[in-house]
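Have a look at the structure below before the remarks.
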Amino acid sequence: MTDKKIFKYIYGKPFETDAAAENITASEGLPPFVSVSEDFLHIAYDMTSNDKIYGLGEAVRGINKRGWIYETYCSDDPMHTETKRSLYGAHPFIVIDGKEVFGIFVDYPDRVIFDIGYTSVNKINITVGSPDYVFYIIKGETPMDVVKNFRKLIGKSYIAPFWSFGFQQSRWSYYTSDDVKNVINGYRDNDFSIDAVYLDIDYMEAFKDFTVSEERFPDFVEFVKLVREKNIHLVPIIDAGVKIEDGYDVYEEGRDNDYFCKDESGNDFIAAVWPGKVCFPDFLNPKAADWFGMKYKTLIDCGIDGFWNDMNEPAIFYSEKGLEEAIDKVLEYKGKNIGIYDFFGLKDTVLGLSNSFKDYSSMYHNTGSGIVCHNKVHNIYGYNMTRSASDAFKKISPEKNILMFSRASYIGMHRYSGIWMGDNQSWWSHIKLNLQMLPSLNMCGFLYTGADMVGFGDNCTEELALRWLALGIFNPLMRNHSALGTRDQEFYRFENRNAFRNLLKLRYALVPYLYSEYIKSIEKDEMMFRPLAFDYRGDRFAEAVEDQLIVGESIMIAPVYESNSIGRMVYVPEDMLGVSFRSERDYTIKSYRKGHYFIEIPIDEVVIFIKKNKVLPLVDSADCTAHLDYSTLRFIGDIEGKCNYTMCRESGVSDGRSIIAKENYEVVGTGHCDDLSFGKE
Ligand code: GLC
């Protein structure tokens, strides 16, 4: 099938990224709407004023990407302002929906520039900086069709373990096992549902990967066991940089076996991150990747069954060379009356110390079949770190499905893990950005994803926390995470505990639906989160909506993302049933005809819109996913006649992957009802 829908073009000698899971024969002759100059890729496409452009995965701005210039380049940058061109993930895939419907995937592991109506309002210009690249044109009748064909090309998405659909609490600064215990008690004692607590860099000994501080986390194995007995999973962070320290086994093994990236003289490339000076494992070297992957065993043997890979763009705070240059420059101006432009230059030099192009140019990989400069393969470093872990998990513990998600990513990594949306801020605009990234990431195969709920940087407010939670309950990865030094934002710390408790309970009541829709989206290569434009093609109002989403087969969400709101405008694209939940058992139902409405949404409520003749399954909530009781299943919906619903459940694990069991229900109704009769087929 793919041969007819997908056209592959190869130029020069491209680096094999492994983004595509299927090997397609290269096509001859370009489609008429694409022009390519031979020295470097330059795809030019003329849009009509109505064309909409989707995709680019993790990126700033709207669902429709038109009107900005983006660069797919894994960037450690927590300031997700509109002006940025790249974030942590690199996802060079777009869908054009207009007079022609097709997708473009530029499989190129260095920077790709997507100018989408920025330089010239009706032009798309895509450029890469070398003559060695692959790109694909993906055809389809509709944008969804294009996405499906693309997803077939790049392979099935990773399936996260069922428990990871529970709520997860994180914070950078849980320094001791007592801190972690207090957080668990804070949730459990207040009857707040929870499944996981995260261990940020503070759990390690001097920020050394695969170590645990004996002083702050004594008897770690016993601690993990104790926490598991409370149905809590601990999820430690793993950073890309390995601390340089004699006597530290990971460092010494890496050094002695030449598993680290090199500099131009063939010495280990050295830069500074959290632990101070580090070396970076050469994940493009298969032997080094195997070696690092097996290191996770240390923690898996302690009972750990989930990880997050971080700083794997890779983030660099500074290199010795960069620092020396900056210090020289600062000293040069010492005691002088600095001209303003010189001062700006000086400031740029200091600010530019981190993640500098110059440093990346001094870093080299040995792929086994040759040496390659990091600059040429920057975007697949985090991908290969995460793949190395995922491959190792199957060897270390095939009987478990181990949770894995990463910060940096590239197309193809979705086969091995999820991603989180990186270091955002406790800003209202980042609630909306969370919503807008969900469909874009789904297009690229990243289905297990979510933002740092309530915001990573900056101080949150109780109002922001509740509004963000009202969106967070739909994110597959539902994690509250915050940075060191920011205001505490564990949900039990706020005044209106009832509201937080009830929304958390609602999440758990929704888990059977969310998990089922997640699994079905993976199996069918579809998107769990869709812009209204995808489901209501030809409806010009639906096509313009940027702040509502269709979630799975049955529902639409329209969260509030502005402060001091009493509600919001909602476009109802077909007749729907609006259910205003105060808690899983306390809700009011109202029918809406297609149209625009101002809907009142008090701070402690979530409104879910159910499509006509579709159903929303709910179960009674529980303190954790392991205690969800599917015998309490009920369905809400507006059904005339019959409707079928397929429930997906994790029934075991084989070869590190969840085994999925399906249950088919036939639901019968005569108009809207919150307790429809149903039977198993
Ligand atoms: C990075 C991560 C963040 C983490 C911090 C400390 O900024 O993105 O999630 O908390 O490092 O490890």
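The values are calculated or read from the model by the stated rules, or taken from the named source; none is laboratory data. Since we're looking at a predicted model, the values are computed, not measured. Cβ sites come from the backbone with ideal geometry, for glycine too, and all protein chains shown count toward neighbours.
Look at region 303-324 and say how many of its residues are outside any loop (DSSP other than H, G, I, E, B), surrounded by 15 or more Cβ atoms within 10 Å (Cβ to Cβ) and either within 26 Å of the chain's Cα centre (by Cα) or not small (Gly, Ala, Ser) (or both). Let's see the steps before the verdict.
Step one: filter region 303-324 for residues outside any loop (DSSP other than H, G, I, E, B), giving 306-310, 318, 320-324.
In the following step, the residues that additionally are surrounded by 15 or more Cβ atoms within 10 Å (Cβ to Cβ) were identified as 306-310, 318, 321-323.
So of that shortlist, the ones also either within 26 Å of the chain's Cα centre (by Cα) or not small (Gly, Ala, Ser) (or both) come out as 306-310, 318, 321, 323.
Qualifying residue count for the region: 8.
Name the residue that is nearest to the chain's Cα centre (by Cα), counting only residues in region 474-508 that are assigned to a loop (DSSP other than H, G, I, E, B) and away from the ligand (no atom under 16 Å from the Cβ). Steps first, answer last, please.
At the first step, the residues of region 474-508 found to be assigned to a loop (DSSP other than H, G, I, E, B) are 474-478, 481-490, 494-496.
From what's left, away from the ligand (no atom under 16 Å from the Cβ): 474, 476, 494-496.
Working: PHE474: 14, PRO476: 10, PHE494: 27, GLU495: 30, ASN496: 29 Å.
So the residue we want is PRO476.
When you check ASP263 against the structure, is it closer than 28 Å to ILE159 by Cβ, modelled with pLDDT of 95 or more and of a type in the set (Asp, Glu), yes or no? Reasoning before the result, please.
On the way: closer than 28 Å to ILE159 by Cβ: no; modelled with pLDDT of 95 or more: yes; of a type in the set (Asp, Glu): yes.
Here the answer is no, as ASP263 does not meet what is asked.
I need the full set of residues from region 282-296 which are touching a strand residue (DSSP E or B) at 6+ places or on another chain (Cβ under 9 Å) and either at positive phi or basic (Lys, Arg) (or both), in order please.
First pass over region 282-296, keeping only residues touching a strand residue (DSSP E or B) at 6+ places or on another chain (Cβ under 9 Å): 282-285, 288-289, 291-292, 295-296.
Within region 282-296, just LYS295 meets the criteria.
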task: Could you run through region 171-224 and say how many residues are within 15 Å of the ligand (Cβ to nearest atom), small (Gly, Ala, Ser) and buried (at least 22 other Cβ atoms within 10 Å of the Cβ)?
output: 1
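Considering only residues of region 428-466 that are among the acidic types (Asp, Glu) and within 14 Å of the ligand (Cβ to nearest atom), which is nearest to ARG151 (Cα to Cα)? I'd like the intermediate steps shown before the answer.
Of region 428-466, the ones among the acidic types (Asp, Glu) are 452, 458, 462-463.
Remaining after also requiring within 14 Å of the ligand (Cβ to nearest atom): 452, 458.
Values: ASP452: 26, ASP458: 36 Å.
Top of the filtered list is ASP452.
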query: Name the strands (runs of 3 or more DSSP E) wholly within region 537-615 that hold at least 1 residues that are out of contact with any Lys or Arg (no Cβ under 6 Å at 6 or more places or on another chain) and polar (S, T, N, Q)?
result: 576-581, 587-592
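Hey, among the residues in region 236-261 that are charged (D, E, K, R) and within 16 Å of the ligand (Cβ to nearest atom), which one's farthest from the chain's Cα centre (by Cα)?
Going through region 236-261, the residues charged (D, E, K, R) turn out to be 239, 243, 245-246, 249, 252-253, 255-256, 258.
If we keep only those that are within 16 Å of the ligand (Cβ to nearest atom) as well, we get 239, 243.
Working: ASP239: 17, LYS243: 27 Å.
Once the filter is applied, the top-ranked residue is LYS243.
Can you tell me which residues in region 654-681 are touching a residue at least 24 places away in the same chain (Cβ under 8 Å) and farther than 25 Å from GLY578 by Cα? Don't jump to the end; show me each part of the working.
Within region 654-681, the first condition is being touching a residue at least 24 places away in the same chain (Cβ under 8 Å), and the residues that meet it are 654-658, 660, 665-676, 678, 681.
Hits for region 654-681 are SER654, ASP655, GLY656, ARG657, SER658, ILE660, GLU681.
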- request: Could you tell me which of the residues GLU100, GLU141 is more than 16 Å from the ligand (Cβ to nearest atom) and modelled with pLDDT under 95?
  value: GLU100
- request: Look through region 640-664, keep the residues that are closer than 23 Å to ASP674 by Cα and among the hydrophobic types (A, V, I, L, M, F, W, C), and return whichever of them is farthest from the chain's Cα centre (by Cα).
  value: CYS643
task: Any residue in region 28-50 that's at pLDDT 70 or above: show its pairings with residues that are among the charged types (D, E, K, R) and part of a loop (DSSP other than H, G, I, E, B) at Cβ separation under 7 Å, as long as the two are six or more apart or on different chains.
output: THR48/LYS99
- request: List the number of the failed condition for GLY117; all other conditions in (1) within 20 Å of ASP145 (Cα to Cα); (2) surrounded by 15 or more Cβ atoms within 10 Å (Cβ to Cβ) hold.
  value: (1)
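Of PHE105, PHE165, PHE150, which residue is touching a Leu at 6+ places or on another chain (Cβ under 7 Å) and either under 27 Å from MET528 (Cα atoms) or at pLDDT 95 or above (or both)?
On the way: PHE105 fails: touching a Leu at 6+ places or on another chain (Cβ under 7 Å); PHE150 fails: touching a Leu at 6+ places or on another chain (Cβ under 7 Å).
None of the others qualify; the one that does is PHE165.
Could you please find all residues in region 366-419 being away from the ligand (no atom under 16 Å from the Cβ), over 25 Å from GLY129 (Cα atoms) and either without any contact (Cβ under 8 Å) to a residue 60 or more places away in the chain or outside any helix (DSSP H, G or I) (or both)?
Listed by number, the residues that qualify are SER397, PRO398, GLU399, LYS400, ASN401, ILE402, TYR416.
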- line: Selection from region 329-375 of residues in contact with a helix residue (DSSP H, G or I) (Cβ under 7 Å, 6 or more places away or on another chain), farther than 21 Å from ASP77 by Cβ and aromatic (Phe, Trp, Tyr) yields TYR333, TYR364
query: All but one of (1) of a type outside the set (Ser, Thr, Tyr); (2) away from the ligand (no atom under 16 Å from the Cβ); (3) surrounded by fewer than 22 Cβ atoms within 10 Å (Cβ to Cβ) hold for GLN425; which doesn't?
result: (2)
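Against the definition (modelled with pLDDT under 95 and crowded, with 21+ Cβ neighbours inside 10 Å), how does ILE610 come out, yes or no?
Working: modelled with pLDDT under 95: no; crowded, with 21+ Cβ neighbours inside 10 Å: yes.
No, not satisfied.
Anything in region 328-365 that is part of a helix (DSSP H, G or I) and touching a His at 6+ places or on another chain (Cβ under 8 Å)? List them, or say none. Outline the logic, then answer.
Narrowing region 328-365 to residues part of a helix (DSSP H, G or I): 328-332, 340-351, 357-361.
Hits for region 328-365 are TYR360, SER361.
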- prompt: Somewhere in region 68-76, is a residue closer than 23 Å to PHE534 by Cα, touching a Gly at 6+ places or on another chain (Cβ under 7 Å) and modelled with pLDDT of 95 or more?
  reply: no
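Taking LEU471, is it of a type outside the set (D, E, K, R), more than 15 Å from the ligand (Cβ to nearest atom), assigned to a helix (DSSP H, G or I) and crowded, with 24+ Cβ neighbours inside 10 Å? Full working, then the answer.
Details: of a type outside the set (D, E, K, R): yes; more than 15 Å from the ligand (Cβ to nearest atom): yes; assigned to a helix (DSSP H, G or I): yes; crowded, with 24+ Cβ neighbours inside 10 Å: yes.
The answer is yes for LEU471.
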field: Residue under evaluation GLU71, criteria (1) in contact (Cβ under 8 Å) with a residue 60 or more places away in the chain; (2) in contact with a strand residue (DSSP E or B) (Cβ under 6 Å, 6 or more places away or on another chain), criterion not met
entry: (1)
- line: Among the residues of region 277-313, the number that are within 16 Å of the ligand (Cβ to nearest atom) and free of Cβ contacts under 8 Å to residues at least 60 places away in the same chain is 1
task: Taking the options ASP535, ASP586, ASP629, name whichever one is of a type in the set (Asp, Glu) and under 17 Å from LEU676 (Cα atoms).
output: ASP586
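Quick one: is ALA622 more than 29 Å from TRP428 (Cα to Cα), part of a loop (DSSP other than H, G, I, E, B) and under 30 Å from the mean Cα position of the chain (by Cα)?
Values: more than 29 Å from TRP428 (Cα to Cα): yes; part of a loop (DSSP other than H, G, I, E, B): yes; under 30 Å from the mean Cα position of the chain (by Cα): yes.
Yes; evaluated as a whole, the condition is true for this residue.
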